[in-house]
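A.B. asks: Structure below; questions to follow.
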Amino acid sequence: MKKTRVRFAPSPTGPLHMGGVRTALYNYLIAKKNGGDFILRIEDTDSHRFVPGTEEYIIESLRWCGIVPDEGLDASGKLAEVADERNPHAPYRQSQRRAIYRKYAEQLVESGNAYYAFDSAEELEKARADAESAGQTFIYNASTRGGLKNSLTLPAEEVQKLLAERTDWTVRFCMPSDEMVEMDDKIRGHIEVNTSTLDDKVLWKRADELPTYHLANIVDDHLMEISDVIRGEEWLPSLPLHYLLYKAFGWERPHFAHLPLLLKPVGNGKLSKRDGDKMGFPVFPLKWTAPDGTVSRGYREDGYFPDAFVNLLAMLGWNPGTEQELFSMDELVQAFSLEKVGRSGAKFNPEKAKWFNKEYLRKRSDAELAALWMPELASHGVSASEDMVREVVALIKERATFVSDFWGIAWYLFQAPEEYVEKDVTKFWKAENVAMAREALQATASALEMEEYIRAREWPMGKVMNCIRLAFTGSGSGLGIADIMRFIGREEALLRFHRAEERLL
């Protein structure tokens, strides 16, 4: 049985969208489940859309998510350029493999499955305009290529002359006329498309001596022995051409699976950066700084745990068939299958994303969370022992979604309030309440004793305690009085109360 070999082959045209990370994840899970290999390859054949820094961003994003390629990266973590035992198919950047592709393009021409096209951009634009004026859509295929400038219509001598003199010619696939292409997809099922609806795609360009995606990915997938091509739904229209290319070369086809789109939280349509900007959530795994200086948010910088991010991505389009929602990477490997991936788009819910992070935060140890929080405490000028920070974390982590929430929940355990919420002062800081609170604090040594003291005198517990909390935290909300006093101590408690009296009475 053929070994499972899958690949993630993004283009370096900008930051990696979370949908791209999901594609990488699903490929990785299939590889690990079947004891196979997950390969990273960069498809940079479109030199005009190349964005500096993207390749490094892609690699770092996968590393953060724990999606580690078995093949494609060298020992330093960069894209492998020299073949070795681990990376026998290097280089893995298509622009460095350009010498490979022309041979295969010429092979298709020789077998009659492709031809040379010499139409200029202006001539093609005129053909489109003429078709539009006649109420038609121009398609470069069997119905039109006979009237265009290519090696199927020109004398052999002129073809050779144009090949030598011109630098703007291309190799186009010779799409069969009125032939039904029958295809099978692991997610979409059986698909049939008539070739009369398809055009003769460009496969190779003389101008930059680079292949288009269609030729490059077929050749590389064959040479790298890819067994399963798992990619986004946007490539489904290209599937007939890719089927026909495998047939034209006489190569064994891999299995195909086209993943559903990630949809906007509201309404239909593909999830975009604009949706994230409008609704306040990131669509990229890491923060991205564009060449023009524009900064886009990332899940890592927003405080998400990588395993929470991976878990939420896995559930966008895949259903395990059980009630379980939280999966470690190992559990995902065991449970995942393409048969349980849906055909329809998966709507992204930013609140559900937060829920995942909240659950993963709760699963973290107090010591780990304390270590993550310590740098922020230091930035606020707080010097606290690790033991104390762990105790605080244990007390507050059920209330938090992100580690960055900790300070907002419990800052007053480390610093006395400088200001007091005006509406809470008006509501709770009454002279009679202050007098009772002062007496209770001065007469007792602990919160438990204080409560007993208040009850014994039949004072209004809520009014007295809210008055005390206002002095401790600056507002009428916060942790329980007993928890606050345990951390700040009786002496600090009295100091804060007296300070509140000086400022508010």
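Laboratory data are not the source of any read-out in this text; all were calculated from the coordinates shown. Every value quoted in this text rests on a predicted model; they were computed, and no experiment measured them. Heads up, the Cβs are rebuilt from the backbone with ideal geometry, glycines too, and the neighbour counts pull from every protein chain shown.
A.B. asks: Once Rh is set to the Kirkwood radius over Cα pairs, what Stokes-Einstein translational diffusion coefficient, in µm²/s, holds for the range 286-363 at a temperature of 10 °C and a viscosity of 1.306 mPa s?
C.D. replies: Approximately 114 µm²/s, per Stokes-Einstein.
A.B. asks: Right, here's the next one. Which distance in nm do the two modelled labels at D178 and K423 give, with both placed 7 Å along the Cα-to-Cβ direction?
C.D. replies: 7.5
A.B. asks: Can I ask one more? Can you tell me the FRET efficiency between Q136 and E56 if r is taken as the Cβ-Cβ distance and R0 is 35 Å, rounded to the nearest 0.05?
C.D. replies: In this case the efficiency is close to 0.15.
A.B. asks: I want to check the label-to-label distance for T294 and I409. Put each point 7 Å from Cα in the C-beta direction and report it in nm to one decimal.
C.D. replies: Using points 7 Å along Cα→Cβ, the separation is 3.6 nm.
A.B. asks: While we're here: Stretched out fully, how many nm does the piece from E252 to Q107 gain, at 0.36 nm a residue minus the Cα gap?
C.D. replies: So the extension gain works out to 50.5 nm.
A.B. asks: Please give the FRET efficiency for E501 paired with A367, using the beta carbon to beta carbon distance and R0 = 30 Å, rounded to the nearest 0.05.
C.D. replies: Taking R0 as 30 Å, the efficiency between E501 and A367 is 0.15.
A.B. asks: May I pose another question? Please list, by residue number, every one of the chymotrypsin sites (Phe, Trp or Tyr not before Pro) in the range 41-80 that is coil in DSSP and has at most 16 other beta-carbon atoms within 10 Å.
C.D. replies: Of the chymotrypsin sites (Phe, Trp or Tyr not before Pro), the ones in loops of the range 41-80 whose Cβ has at most 16 other Cβ atoms within 10 Å are F50.
A.B. asks: Also, quick follow-up: Give the angle, between 0 and 90 degrees and rounded to the nearest 10, that separates the Cα long axis of helix 54-65 from the longest principal axis of the Cα atoms of the chain.
C.D. replies: Compared with the principal axis, the helix lies near 50 degrees.
A.B. asks: Oh, and also: Roughly how many whole Å is it from the C-alpha centroid of the range 315-343 to that of the range 116-158?
C.D. replies: 48
A.B. asks: Once you've got the Cα coordinates, tell me which of K2/K340; K423/K463; K33/K340; K3/K186; K273/K352 are over 20 Å apart.
C.D. replies: Beyond 20 Å between Cα atoms: K2/K340.
A.B. asks: A further question on this structure: Can you spot the aspartates and glutamates whose alpha carbon is less than 18 Å from K287's alpha carbon? Ignore those fewer than 8 places along the same chain.
C.D. replies: In chain and number order, the partners are E55, E56, E60, D275, D277, E301, D302, D307.
A.B. asks: Another question, if that's okay. If I model a spin label as a point 7 Å beyond the Cα along the Cα-Cβ vector, how far apart are those points for K78 and A156 in nm?
C.D. replies: Result for the modelled spin labels: 4.8 nm.
A.B. asks: Using the beta-carbon distance between L448 and F402 and R0 = 35 Å, what value does 1/(1 + (r/R0)^6) give for FRET efficiency, to the nearest 0.05?
C.D. replies: Numbers: r = 33 Å, r/R0 = 0.94.
After rounding, the FRET efficiency stands at 0.60.
A.B. asks: With the contact rule set at Cα under 8 Å and sequence spacing of 6 or more, what percent relative contact order holds for the range 364-409?
C.D. replies: Rounded, it is 44 percent for the range 364-409.
A.B. asks: Calculate how steeply helix 350-363 sits against the longest principal axis of the alpha-carbon atoms of the chain, using the helix alpha-carbon long axis, and give the answer as 0 to 90 degrees to the nearest 10.
C.D. replies: Once rounded, the angle reads 60 degrees.
A.B. asks: Within the chain, what is the longest stretch that has no GluC sites (Glu not before Pro) placed in a DSSP loop and near at most 16 other beta-carbon atoms within 10 Å? List each step's numbers first, then the result.
C.D. replies: Details: sites that count: E81, E85, E179, E209, E225, E252, E301, E323, E325, E418, E419, E458.
Between the exposed loop sites, the longest stretch runs 86-178.
A.B. asks: Quick one: order M436, M388, M450, M180 by neighbouring beta-carbon count within 10 Å, fewest to most. List each step's numbers first, then the result.
C.D. replies: Values: M436 20, M388 14, M450 23, M180 11.
The fewest-first ordering by Cβ neighbours comes to M180, M388, M436, M450.
A.B. asks: Tilt of helix 431-443 relative to the longest C-alpha principal axis of the chain, in degrees (0 to 90, nearest 10)?
C.D. replies: That works out to roughly 80 degrees.
A.B. asks: Any aspartates and glutamates with Cα under 12 Å of the K149 Cα? List them, leaving off those in the same chain fewer than 8 positions away.
C.D. replies: Partners within reach: D119, E123, E158.
A.B. asks: Please work out the Cα center distance from the range 193-250 to the range 377-447, rounded to the nearest Å.
C.D. replies: Here the answer is 63 Å between Cα centres.
A.B. asks: Rounded to the nearest Å, what's the spacing between the alpha carbon centres of the range 34-79 and the range 286-302? Just the number, please.
C.D. replies: 18
A.B. asks: What is the gain in length, in nm to one decimal, between Q334 and S272 on full extension, counting 0.36 nm per residue of separation less the C-alpha to C-alpha distance?
C.D. replies: Here the segment from Q334 to S272 would lengthen by 19.2 nm.
A.B. asks: On full extension of the chain, what length is gained from M388 through R128, given 0.36 nm per residue of separation minus the C-alpha to C-alpha distance? All intermediate terms of the calculation are to be shown ahead of the outcome.
C.D. replies: Numbers: separation 260, 0.36 × 260 = 93.60 nm, distance 7.29 nm.
Difference between extended and current length: 86.3 nm.
A.B. asks: Right, another one. Identify the trypsin sites (Lys or Arg not before Pro) of the range 311-360 meeting these criteria: DSSP loop state and at most 16 other C-beta atoms within 10 Å of the C-beta.
C.D. replies: Those that pass, being in a loop and sparsely packed, are R343.
A.B. asks: Over the chain, what is the relative contact order in percent, taking alpha-carbon pairs closer than 8 angstrom and at least six residues apart? Mind dumping the intermediate values first?
C.D. replies: On the way: 732 pairs, mean separation 57.8, N = 505.
Averaging sequence separation for qualifying contacts and normalising by length gives 11 percent for the chain.
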